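J.: My structure is below; once you've seen it, I'll send some questions.
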Amino acid sequence: MPLRRDMLLFLAASAVAGGTARAIASPLTAASQPDLRGAIDAVEYRAVQSGDRETRQLEQMIKQAAAENVPVFLPPGTYRVSNLTLPDNTHITGVPGASRIVYTGDGHLFAAENIRRIELSNLVIDGGNRWLGDYAGGLLQFTGVDEVLIDNCEIGGSRKHGLQLERCGGRIERSRISGAAQSGLYAVDSTDLSIVANTISDCGNGGILVHRWKKAEDGTVVSGNRISNIRANDGGTGQNGNGINVFRADGVMVVNNHISDCAFTAIRANSASDIQISSNQCRRSGETAIYVEFAFEGAVVSANMIDGAANGISIANFDEGGRLASVTGNVVRNLTLNGPYTHEVGFGIGIAAEADTLVSGNVIEGAPRWGLQIGWGAYLRNVVVSGNVVRKAPVGCAVSVAEGAGTAVITDNVFQETAEGAVLGFEWDRKVSGEMASGGSPYRQLTVERNRIS
């Protein structure tokens, strides 16, 4: 028996009021469809028996609705489909928590390529941890879509990424993505994408990934998301296990997110210039809570709360061109010496910076190695450290005085309970100076004055 048309309601009726057309719902009533539950169960059964046919029928309905510029409404029930290719102007909506699309395997669930617009809302999308084709990067995969709009959906159980976007713009919001074997959301070569107010949890290798194949302007905004329990099942030293990972994407904003229990980093920016990382909660990170590394120019890291990590904030890799940052107004506390791998610098460091960077107005408490690390070996240039509070760290501020190290200004900071010293000079990891906090630095490239040890 063919799939009945009233199984998928078109919100197609129009009414004219005051000369303006508007869309109105055409709901299925008890009188017109007394046995809705049974009808849904019948579709579920037929899909199991003839999944390809049911998928093609559903796909044809979606195409017709898109051509007529109306949305498709899925009543409560379970729809078992696979390998749907969505046309331009697709809009599928349902009843939140009740309209379930279940992937039956053998390729992909939803895909679209080189079209203008897709909208999905109020759907539960379940991958069932079923096999995905080699060509499919995610359970939902959209390529070259100008505007992808996903709102109030649940996406779960993907054997790869939950949602993969390539060369897309649009808005992913108020949705829940969980149980992906790779990342919850992988966006590459985006154009002004917004990822807002989502919940992403229990993913195998990453939460939200904003990447580019080649370094360029991106402009993605990642704001107000809640990310938790991100593992690093594929191992490595930082490519996996991050709550938010920005790679080669310039001009990205990462603001007002709550990120907890990531195997590596809460927020990791690799070769990402002009990045803003502000007002985030970063809790219980396995490695460095906020990492800005490799070939970047321009970073603002401000007003973040970091509680629990191996390192707090690292502005690193001057040797690879990493430079130009402002690190202000952050709170870093409760760090550990234990990290997920052996690191040449080590763990237990509050804030580290190397080149052309202001470190000011931060509070660091409980860094079990160094509160502040300024430079590493020869990799130090133009760092100002001023107005910070450092408590309960064996060394308050470790500044590089190795051969080739450049200028640093360390003034007006407060150090308390720094048993080995407040401001000390290091050649790589070896202490080579006495206390310098109160002034009189023997190194011409250093200005150290007006610090207080309390």
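J.: If you check Val345 against the conditions, is it touching a strand residue (DSSP E or B) at 6+ places or on another chain (Cβ under 9 Å) and open to solvent by 40 Å² or more (accessible area, probe 1.4 Å)?
T.: Criteria not met by Val345.
J.: Sticking with this one: Restricting region 134-169 to residues that are part of a strand (DSSP E or B) and open to solvent by 30 Å² or more (accessible area, probe 1.4 Å), which is nearest to Asp106 (Cα to Cα)?
T.: Looking only at region 134-169, we keep the residues that are part of a strand (DSSP E or B), and these are 138-151, 154-156, 161-166.
If we keep only those that are open to solvent by 30 Å² or more (accessible area, probe 1.4 Å) too, we end up with 141, 146-147, 149, 151, 154, 166.
On the way: Gln141: 15, Asp146: 27, Glu147: 27, Leu149: 26, Asp151: 26, Glu154: 21, Glu166: 22 Å.
For region 134-169, the residue satisfying everything is Gln141.
J.: Moving to a separate point now. For region 383-397, give me each residue that is open to solvent by 10 Å² or more (accessible area, probe 1.4 Å) and either part of a strand (DSSP E or B) or touching a Cys at 6+ places or on another chain (Cβ under 6 Å) (or both).
T.: Residues satisfying the conditions are Val384, Ser386, Val389, Arg391.
J.: Residues that are in contact (Cβ under 8 Å) with a residue 40 or more places away in the chain and of a type in the set (Gly, Ala, Ser), at least 1 per element: which strands (runs of 3 or more DSSP E) completely within region 192-258 meet that?
T.: 206-217, 242-250
J.: Suppose we keep only residues that are open to solvent by 10 Å² or more (accessible area, probe 1.4 Å) and among the small types (Gly, Ala, Ser) within region 364-382. Which one would you say is farthest from Arg333 (Cα to Cα)?
T.: Ranking the candidates gives Ala378 first.
J.: Which residue out of Ser400, Ser441 is surrounded by 15 or more Cβ atoms within 10 Å (Cβ to Cβ) and modelled with pLDDT under 95?
T.: On the way: Ser400 fails: modelled with pLDDT under 95.
Residue meeting the stated conditions: Ser441.
J.: Quick test for you: out of Ala419, Ala393, Ala405, Ala398, pick the one residue that is among the small types (Gly, Ala, Ser) and over 20 Å from Ser454 (Cα atoms).
T.: Residue meeting the stated conditions: Ala405.
J.: Where residues in region 316-342 are under 23 Å from Gln239 (Cβ atoms) and of a type in the set (Gly, Ala, Ser), which of them is surrounded by the fewest Cβ atoms within 10 Å (Cβ to Cβ)?
T.: Gly321
J.: So, in region 170-182, of the ones that are open to solvent by less than 50 Å² (accessible area, probe 1.4 Å) and in a loop (DSSP other than H, G, I, E, B), which residue ends up farthest from Asn114 (Cα to Cα)?
T.: Looking at residues that are open to solvent by less than 50 Å² (accessible area, probe 1.4 Å) and in a loop (DSSP other than H, G, I, E, B), I get Gly179.
J.: Out of contact with any His (no Cβ under 8 Å at 6 or more places or on another chain) and surrounded by 23 or more Cβ atoms within 10 Å (Cβ to Cβ), is that true of Asn233?
T.: No, not satisfied.
The values are calculated or read from the model by the stated rules, or taken from the named source; none is laboratory data. Note that the coordinates shown come from a computational prediction; the quantities given were computed from them, not determined experimentally. Every residue, glycine among them, receives a Cβ derived from its backbone with ideal geometry; neighbour counts consider all protein chains shown. The area values use the complete protein model at the heavy-atom level, side chains included, leaving out ligands, DNA and RNA. Shrake-Rupley method; radii C 1.70, N 1.55, O 1.52, S 1.80 Å.
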